[in-house]
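K.L.:
Below you'll find the structure I mean.
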Amino acid sequence: MKRSYLSLGAIAASTCTALSLPFRSTSNTSKNKPPAFILAGDSTTAIQNPAGGGWGYGFLSFLKSPGWGIDLGIDGATTVSYVKGNIWYSVEGYVATKLNEGYAPYVTIAFGHNDQKPAANISLDQYQTNLEVLARNISILGATPLLVTPLTRRAFTSEHNATDSLHDQRLRTIAAAEAVGATLIDLNKYSLEYVDRIGNESAQAYNLDDTPSDTTHLNVWGSVVFGRIVADLLLAEVAELRPWFKSNESLSYKISHGTAAYET
């Protein structure tokens, strides 16, 4: 397929042109077709590895065949580096392939943890613009963008008070979704509420290395728990996707009632 752009900076520079293009609604692509989920994001989306791991694995574990999914989360990625590193080109390629195969592609777009860092030199305005550009790009390709607010960190100031360290990134993701008319998955809000309710001690059970040293990334079971949050939020927003996901009533109940979900 022909590559739609070379760098995020080039697209951001032509934002006015991009924003004038028509937006494709969910109903244009999803009726009577199995979904294909392409997960784009940083290490809080990525498959579990020694340096990171997020909710992506768990989310895809609930998908029913012939529904399809791939996790393209990248450790350390920002909205800029993800494009400059050509990973976004892979996202575009999977969208085109799955459209040709008769799927309805959905692309989750989940950044913020690394865009927030001073070394990234990405302002909040640029972060929001980048999210809007990525979502518009997916829509133009004929797929459905899903903007996901950042997974909460599990760092606490007291037993039931986790730090709201990604507050600004959440608000800008919400604003980006509103600007382009995309579906919003407010993972930050609900993951923060969940860890606040279960408390610091219980929340650390989801740490990647099972120690207090990494309160950002998730181990495999943590991926299942927070992947379930993403799935339940998505299905509340896009009801036609419900037949394509396996339910886990026990896990969903524990999450919604603020009860710690431990691996059994």
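K.L.:
When G222 is evaluated against the numbered criteria (1) more than 18 Å from R197 (Cα to Cα); (2) in a helix (DSSP H, G or I), which criterion, by number, is the only one it fails?
P.N.:
Only one criterion is unmet by G222, namely (1).
K.L.:
Tell me which residues, restricted to the range 177-226, are among the β-branched types (V, I, T) and more than 15 Å from R154 (Cα to Cα).
P.N.:
Answer for the range 177-226, where residues must be among the β-branched types (V, I, T) and more than 15 Å from R154 (Cα to Cα): V180, T183, I185, V220, V224.
K.L.:
Of the residues in the range 183-210, how many are in a loop (DSSP other than H, G, I, E, B) and either within 19 Å of D232 (Cα to Cα) or within 21 Å of the chain's Cα centre (by Cα) (or both)?
P.N.:
Of all residues in the range 183-210, those in a loop (DSSP other than H, G, I, E, B) come to 186, 199, 208-210.
Filter once more, keeping what is either within 19 Å of D232 (Cα to Cα) or within 21 Å of the chain's Cα centre (by Cα) (or both): 186, 208.
Going through the range 183-210 one residue at a time, the tally reaches 2.
K.L.:
Another question about this same structure. Pick from the range 225-264 the residues that are of a type in the set (F, W, Y) and surrounded by fewer than 14 Cβ atoms within 10 Å (Cβ to Cβ): which of them is modelled with the highest pLDDT? Before the answer, list the steps.
P.N.:
Residues of the range 225-264 that are of a type in the set (F, W, Y), as a first pass: 226, 244-245, 253, 262.
In the following step, the residues that additionally are surrounded by fewer than 14 Cβ atoms within 10 Å (Cβ to Cβ) were identified as 253, 262.
Working: Y253: 98, Y262: 92.
Within the range 225-264, the match that is modelled with the highest pLDDT is Y253.
K.L.:
I'd like to check something: does the range 203-223 contain any residue that is under 26 Å from E132 (Cα atoms) and either buried (at least 19 other Cβ atoms within 10 Å of the Cβ) or free of Cβ contacts under 8 Å to residues at least 12 places away in the same chain (or both)?
P.N.:
Among the residues of the range 203-223, at least one is under 26 Å from E132 (Cα atoms) and either buried (at least 19 other Cβ atoms within 10 Å of the Cβ) or free of Cβ contacts under 8 Å to residues at least 12 places away in the same chain (or both), which makes the answer yes.
K.L.:
What's the total number of residues in the range 225-255 that are in contact (Cβ under 8 Å) with a residue 40 or more places away in the chain, of a type outside the set (A, V, I, L, M) and outside any loop (DSSP other than H, G, I, E, B)?
P.N.:
8
K.L.:
Of the residues that make up the range 141-158, is at least one more than 15 Å from K189 (Cα to Cα) and among the charged types (D, E, K, R)?
P.N.:
No, the range 141-158 contains no residue that is more than 15 Å from K189 (Cα to Cα) and among the charged types (D, E, K, R).
K.L.:
Just the residues that are touching a residue at least 60 places away in the same chain (Cβ under 8 Å), surrounded by fewer than 23 Cβ atoms within 10 Å (Cβ to Cβ) and among the hydroxyl-bearing types (S, T, Y), please, taken from the range 69-121.
P.N.:
Result: Y89, Y103.
The values are calculated or read from the model by the stated rules, or taken from the named source; none is laboratory data. What you see is a predicted model; the values in this text were computed from it and never measured. When we count neighbours, we look across all protein chains shown, and the Cβ atoms used for this are built from the backbone with ideal geometry, even at glycine.
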